[in-house]
Amino acid sequence: MKRIIAVDDNVTNLKMVEQVLKDKYKLILVKSGEKALSYLKDNLVDLILLDIVMPEMDGFEVFEHIKELENANSTAPVVFLTADTEVGSEVKGLNMGAMDFIKKPFIPEVMINRIKNVISLSELMKDLEQKVEEKTRQIEQISFETIATIASMIEAKDSYTKGHSVRVSEYSARLAKELGWTTDKISNLRYVALLHDIGKVGIPDSVLNKPGKLTEIEFGVIKSHTNIGGDILNDIRTIAGVSLGAKYHHERYDGKGYPLGVAGDEIPEIARIICIADAYDAMNSKRVYRDNLSKEDIFKQLEGGRGTQFDPKFVDVFLRLLKEDKLEIEEKDDVMVSEPTLSEESSILLNQIVKNIEDNQKNDIFDVLTGVLNRKTGESRIAEAVRNRTGCLAFIDLDNLKKTNDNLGHLAGDYVLKNLGEILLKHGDRAIIARVGGDEFLCYIPNADEAEAVTIIENIISEFDKVKKDNIYLQYSTLSVGMYMSNNKELYANAVRNADKALYHIKHSGKAGYCLYSQLESINNKKASVDLERMVSTLKANRTSQGAINVDFNEFKKMYDLVLNMVNRFDYNMQLIMLTLEPVDYDNFDIEEQEYAMYCMNEAIKSALRNTDVSTRFSSGQFLVILLNVDEIDVNTILRRIYEKFDKDYRRNAVNVSYDIADLSDK
């Protein structure tokens, strides 16, 4: 049972809360902010009901102290209880992070539903945060595994360097153990050392494997692998200090190394260890230009570099290990050991890399929030299905998402999208479903006739309406659907365009519901001027934004009302321009090209309009512009600016731009 603490200095109010909620929640009732804070320090709750006006410490001050608690209560959802009708108090509370307000005297049904919704929304928020954290972890894991694969591939280029990184890891770990490092630090060091030469991915093979002496320029190229490696590993967070090992392992203790020439303790400790292990393995291994050195020669070289190339303390310990023959790495055949060596760990890791990447790539084909296919994967699969099978392509638009975000918050918008995704997934065994925009989905139903397709879309709309009922966070949401029955071997772009035209019609007619493209055949052959004529007729008939400009941009509707008011008060004229972008070749005009053209046109319009003008995207290929108090010369000047800017930015011949103008004044 969820736990709720109610804080109010009025006993009557607390008894009212108890009476309304006692059967549904575990209640803790306290009469002051001090008692509430004392309880919350040691006891977790799921929701805090907090009165604003209280003696000694008001609700706002209590809320500030709650956010400073050192437990999960610091982020627990807070709902203010208040009899205050001032808007300022509500704004202040919401700005502080409150989830909702409940007015006194309490209405039981309102209180129950609001608390239920707040708790539900809070749980959704936590769930989404966990998913984001998991996704971040997966991305970092993929990055590490991909880099480790590249490192292995680099070593595989040359038998002389094969196994070098694994051996350097082992030597580094043995030195760190002798220095008294903890097991966790040693484990981390193993992986840092494993990736120390990752920067060689950027070095040409002709330089990396040159058998003779390197030129000065070639040696400069070789040295760049430290910076390259540091940059590659810079964003990896799963291994502490991983970029430091790659970047600093060729620095010298006397400051004469590269890439930065730092000295002594300025060199990261982890790099000072790898530096010794790297040098030892280089001397102990065959190279393209020489055989491996003897143990005696290696000892002299390491001892000679004490205090100059190597950290004197670390190299002394390493020399002791060499002297005591504790650096030998034996090949293990069928010997069973309690713990795997790093070589075995690395082999296991590298063998699993391909499988792990494939698994993560499978996860990456889905939209995280809704669970349906993401745009890239979904469009690819739907395009293939459209080419090979007849069926119905439905373009689904979630109406008023911006309004939900603006009025209820973006988390509420995510909640709506998540619910829609769950509904769409119920039909996933019959349809290919993808999220292709913030509020747009494509649904392809292969081999469906019109009757079956209509039934499926009607079921989706009906199921959404059921979820919407009595749910405050879906109060603004409806579904608009454009449907197109595609023929075999149809071009995907053409199918999408026709479904979008049907969607445009249903949204233009008032939103909510579905429309088949086959119902629009007589309309689709008309020019863009027909769209403008219908818009002008609607505007003049209504003289209000309600039911007039049926687009999702509420701010444009508000601006239209403002402009209309100025027209009426000051006898201004008002011109409405519809700019239409039509493909030159429909068969070879894809969605990306269309969106790029629309982006360029949007930028052109913004650069040309005055402060008093208003514009919006009206359909997939059209913009509406309102010009206030202009004459014919002004209109022509603005249109010329738009055309010039568009031609300059777009620089392609894939669309034709046309415009229609209507006078919305009563002159």
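The values are calculated or read from the model by the stated rules, or taken from the named source; none is laboratory data. Note that the coordinates shown come from a computational prediction; the quantities given were computed from them, not determined experimentally. Every residue, glycine among them, receives a Cβ derived from its backbone with ideal geometry; neighbour counts consider all protein chains shown. Note: areas computed on protein heavy atoms with side chains; ligands, DNA, RNA excluded. Shrake-Rupley method; radii C 1.70, N 1.55, O 1.52, S 1.80 Å.
A few notes on this one:
- Among the GluC sites (Glu not before Pro) in the stretch 11-70, those located in a DSSP loop and surrounded by at most 12 other Cβ atoms within 10 Å of their own Cβ are GLU56, GLU68, GLU70.
- For the pair GLU324 and GLU134, a Förster radius of 41 Å applied to the C-beta separation gives a FRET efficiency near 0.35, rounded to the nearest 0.05.
- Virtual spin-label span in nm between LYS177 and ASN653, 7 Å along Cα→Cβ: 7.2
- Using a cut-off of 19 Å between Cα atoms, the listed pairs LYS2/LYS116; LYS2/LYS468; LYS247/LYS300; LYS41/LYS116; LYS418/LYS466 include LYS2/LYS468; LYS247/LYS300; LYS41/LYS116 as exceeding that distance.
- FRET efficiency estimate (nearest 0.05) - Cβ-Cβ, ASP23 to LYS466, R0 25 angstrom: 0.45
- Entries in LYS223/LYS326; LYS469/LYS606; LYS213/LYS295 that, when Cα-Cα distance is taken, lie over 29 Å: LYS223/LYS326; LYS469/LYS606
- For VAL221 and LYS426, the difference between the fully extended length at 0.36 nm per residue and the C-alpha to C-alpha distance is 68.1 nm.
- Extension gain, GLU303 to LYS376: 0.36 nm times the residue separation minus the Cα-Cα distance gives 20.5 nm.
- Accessible area per residue for the stretch 239-310 is 46 Å², calculated with a 1.4 Å probe on protein heavy atoms, without ligands, DNA or RNA.
- The amide H of THR478, built 1.01 Å from its N in the peptide plane, has ASP399 as neighbours under 5 Å, considering only residues 5 or more places off or on other chains.
- Whether the stretch 1-50 is rounded, prolate or oblate, judged on the alpha carbon gyration tensor where a/c under 1.5 counts as rounded: oblate
- Semi-axes of the equivalent ellipsoid for the stretch 444-513, Cα gyration tensor, largest first, Å: 26, 15, 9
- Contact order normalised by residue count of the stretch 361-482, Cα under 8 Å, 6+ apart, percent: 37
- Each residue of the stretch 476-482 was assigned a 3J(HN,Hα) from its phi angle through the Karplus curve 6.51 cos²θ - 1.76 cosθ + 1.60 (θ = phi - 60°); the sequence is 8, 8, 9, 10, 10, 10, x Hz, with glycine and proline shown as x.
- Area of MET485 that stays accessible when all protein chains are in place (1.4 Å probe, Å², to 10): 50
- Computed extension gain for TYR39 through VAL368, at 0.36 nm per residue and net of the alpha carbon distance, reaches 114.7 nm.
- Nonlocal amide H pairs with VAL436, under 5 Å, H built at 1.01 Å: PHE441, LEU442
- With each label modelled as a point 7 angstrom along the Cα→C-beta vector, the ALA451-ARG237 pair spans 5.6 nm.
- Near-label residues of the stretch 25-55 by backbone N, under 19 Å of a point 7 Å along Cα→Cβ of ASN71: 26-50
- Listed pairs LYS104/LYS402; LYS256/LYS286; LYS126/LYS403 exceeding 29 Å between Cα atoms: LYS104/LYS402
- For the stretch 468-475, Karplus couplings with θ = phi - 60° (6.51, -1.76, 1.60), whole Hz, Gly/Pro x: 5, 4, 6, 10, 4, 7, 10, 5
- In Hz, Karplus ³J(HN,Hα) per residue of the stretch 638-651 (6.51, -1.76, 1.60; θ = phi - 60°; x = Gly, Pro): 5, 5, 4, 4, 4, 5, 5, 5, 5, 4, 5, 7, 6, 6
- P(r) weight above 10 Å for the stretch 23-64, C-alpha pairs, percent: 74
- Inter-label distance, nm, simple model (7 Å from Cα along the C-beta direction), ASP585/VAL11: 8.5
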